[in-house]
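Enquirer: Following this message is one structure expressed as structure tokens.
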């Protein structure tokens with residue numbers, strides 16, 4: 001009984017093996033199968049008229065057909081000016097907040113940003129040399145420890161020139177790095 005049931009299920013599930021046919025090719029539909037369909041139409045046209053749009057669906061800036069446009073005049077109302085507030089002047093000594101600490105050492109120029117050996121990325125520093133001071137954010141770690149003289153910061157070439165007041169090929173420049 002089990003063998004018969006297995007054979008029946010196999011034949012039902014695999015009809016291709018039992019003698020199914022290949023699909024027949026597409027045949028053209030004969031022209032006689034189509035019928036003429038007549039639609040009556042009025043020569044005078046449609047009797048339906050299209051109503052105007054509902055006023056509730058108009059936009060806010062709707063311009064009516066009978067609206068009058070007026071040219072703008074040159075007489076415009078005066079706009080009040082912003083009041084001028086007096087700003088207190090800060091003494092020269094208080095232009096920078098006091099740094100957390102300062103480090104002295106040598107600076108060199110480096111093409112990949114402002115780097116400092118002892119400071120994490122994102123630290124704001126003010127680097128001062130004989131040419132002036134600049135405020136920068138540390139972007140990477142460096143220079144390597146163990147250089148003599150002790151290098152504390154590497155600067156972009158333009159920053160190095162601004163701090164030392166000299167050219168790029170001058171080697172190192174003594175600077176003070178104020179850490180904020």
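Enquirer: Computed FRET efficiency, Cβ-Cβ of residue 168 and residue 79, R0 41 Å: what is it to the nearest 0.05?
Expert: Efficiency for this residue pair is about 0.20.
Enquirer: Can you classify segment 112-180 as rounded, prolate or oblate using the Cα gyration tensor, where a ≥ b ≥ c are the square roots of its eigenvalues, rounded means a/c under 1.5, and otherwise it's prolate if a/b beats b/c and oblate if not?
Expert: Numbers: a/c = 1.63, a/b = 1.20, b/c = 1.35.
Oblate, since a/c reaches 1.5 and b/c is not below a/b.
Each reported figure results from applying straightforward, stated rules to the coordinates on display, with no laboratory input. From a predicted model like this one, the values you see are computed outputs, not experimental measurements. As a convention, Cβ positions derive from the backbone with ideal geometry for all residues, glycine included, and neighbour counts pool all protein chains shown.
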